[in-house]
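Structure first, then comments.
The values are calculated or read from the model by the stated rules, or taken from the named source; none is laboratory data. Because the structure is predicted, anything quoted here is derived from the model rather than measured. Quick reminder, even Gly has a Cβ in these numbers, built from the backbone with ideal geometry, and neighbours come from all protein chains shown. All accessible areas refer to the heavy atoms of the entire protein, side chains included, with ligands and DNA or RNA removed. Shrake-Rupley method; radii C 1.70, N 1.55, O 1.52, S 1.80 Å.
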Amino acid sequence: MKCLVTGASSGIGKDMCKVLSKMGHEVIMVSSDEDKLKKAFKAVKGYNTLAVDLSTNEGANKVIELIRKEKPEIVINDAGFGAFGFYDEVSLDREMEMVSVNVLALHKITKACLEYMGENNYILNVASIAGLMPGGPLLSTYYATKSYVRSYTLGIYEELKKKNSKVNISVLCPGPVDTNFNKVAGGLFSISSLSSDYVSKYAIEKMFKKKLIIIPGFSVKMGYFFQRFVPTKLLLSMMFKVQHKKRNG
Ligand SMILES: NC(=O)c1ccc[n+]([C@@H]2O[C@H](COP(=O)([O-])OP(=O)(O)OC[C@H]3O[C@@H](n4cnc5c(N)ncnc54)[C@H](OP(=O)(O)O)[C@@H]3O)[C@@H](O)[C@H]2O)c1
């Protein structure tokens, strides 16, 4: 099958490309840093690359053009980033860039896929365990973007079902994963992280099994289950402490 993966130059996106390529699929790899993308392309043995900045309309539109031309049967919206800090420490420009990549580009690409996709086609949107939480102090914009991804994907899932569509849509919600994410966001994880290799294999396996919400790792699943019994204000205060530790190492 033909696949298109955004965020393919590193971390979870690159490792998902590896898994798909090893399975014999043709992988079109998308990210913004051309040099990183070329290196990843060699390592993955991909099918094609497209270097575009998904924080711009122009970048997202180029991906959509390519999608309309190539009609990949599998599309994975993985590109995304976060930025640690109080609301007045992270610049508005950086926050808007984040909303553009994590939300707007993902939304536009998903909608373009739904124009042509049919039976045995897959869309996998990468959210985060952040998207299942009430909010994320010190990463507020990031958590909000991932809530959008979770909510949008689940809504589309039900609409597809009602239209008897055979398109499969899933949302990946990992906890901490060992990638470049922290370096980009400017923080450290204070709790243990899973390997990107494990998360990627798990995600692809569950996507093909048509699982709707994919949460890798037992402790993350348990954390998600039990957090719903904690009052919201207490949970936010606990999360602030965890995020504050991340910032300070
Ligand atoms: N690591 C975690 O703990 C974790 C947990 C839950 C969810 N996630 C999610 O997993 C996804 C992948 O993150 P990761 O952990 O693998 O981090 P990563 O190693 O930093 O990978 C992020 C990818 O997104 C791409 N990207 C960022 N900004 C872009 C832009 N403006 N235009 C095009 N591509 C862009 C990067 O490519 P370039 O550098 O080439 O632009 C890179 O390939 C993200 O959506 C993240 O929110 C991560």
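Filtering the range 122-174 down to residues that are assigned to a helix (DSSP H, G or I), small (Gly, Ala, Ser) and within 16 Å of the ligand (Cβ to nearest atom), which residue is farthest from residue 237 (Cα to Cα)?
151
In the range 28-43, is there at least one residue being of a type outside the set (Lys, Arg), under 30 Å from residue 205 (Cβ atoms) and in a loop (DSSP other than H, G, I, E, B)? Give the derivation first.
Pass one, the range 28-43, residues of a type outside the set (Lys, Arg): 28-35, 37, 40-41, 43.
If we keep only those that are under 30 Å from residue 205 (Cβ atoms) as well, we get 28-33, 37, 40-41, 43.
From what's left, in a loop (DSSP other than H, G, I, E, B): 32-33.
Yes, the range 28-43 contains at least one residue that is of a type outside the set (Lys, Arg), under 30 Å from residue 205 (Cβ atoms) and in a loop (DSSP other than H, G, I, E, B).
What single numbered condition from (1) over 21 Å from residue 146 (Cβ atoms); (2) within 11 Å of the ligand (Cβ to nearest atom); (3) within 19 Å of the chain's Cα centre (by Cα) fails to hold for residue 74?
(2)
Please give the number of the condition residue 91 fails out of (1) under 30 Å from residue 233 (Cα atoms); (2) crowded, with 17+ Cβ neighbours inside 10 Å.
All conditions pass for residue 91, except number (2).
Residue 54: modelled with pLDDT of 95 or more and either over 15 Å from the mean Cα position of the chain (by Cα) or more than 13 Å from the ligand (Cβ to nearest atom) (or both), yes or no?
Numbers: modelled with pLDDT of 95 or more: yes; either over 15 Å from the mean Cα position of the chain (by Cα) or more than 13 Å from the ligand (Cβ to nearest atom) (or both): no.
No: the conditions fail for residue 54.
Picking from 142, 157, which residue would you name as being open to solvent by 60 Å² or more (accessible area, probe 1.4 Å) and closer than 22 Å to residue 203 by Cα?
Among 142, 157, only 157 is open to solvent by 60 Å² or more (accessible area, probe 1.4 Å) and closer than 22 Å to residue 203 by Cα.
Might you let me know whether the range 35-48 holds any residue that is within 12 Å of the ligand (Cβ to nearest atom) and polar (S, T, N, Q)?
Scanning the range 35-48 turns up no residue that is within 12 Å of the ligand (Cβ to nearest atom) and polar (S, T, N, Q).
Out of 18, 2, I need the residue that is over 17 Å from residue 114 (Cα atoms), more than 9 Å from the ligand (Cβ to nearest atom), of a type outside the set (Asp, Glu) and touching a residue at least 60 places away in the same chain (Cβ under 8 Å). Which one?
Exactly one residue qualifies, and that residue is 18.
Out of 104, 114, I need the residue that is open to solvent by 20 Å² or more (accessible area, probe 1.4 Å), within 14 Å of the ligand (Cβ to nearest atom) and not in a loop (DSSP other than H, G, I, E, B). Which one?
Selected residue: 104, the only one of 104, 114 that is open to solvent by 20 Å² or more (accessible area, probe 1.4 Å), within 14 Å of the ligand (Cβ to nearest atom) and not in a loop (DSSP other than H, G, I, E, B).
If you take the residues in the range 18-47 that are within 19 Å of the chain's Cα centre (by Cα) and within 19 Å of residue 64 (Cα to Cα), which one is surrounded by the most Cβ atoms within 10 Å (Cβ to Cβ)?
If we take residues in the range 18-47 being within 19 Å of the chain's Cα centre (by Cα) and within 19 Å of residue 64 (Cα to Cα), then 30 is surrounded by the most Cβ atoms within 10 Å (Cβ to Cβ).
Restricting attention to the range 68-101, which residues are closer than 18 Å to residue 58 by Cα, among the hydrophobic types (A, V, I, L, M, F, W, C) and not in a helix (DSSP H, G or I)?
79
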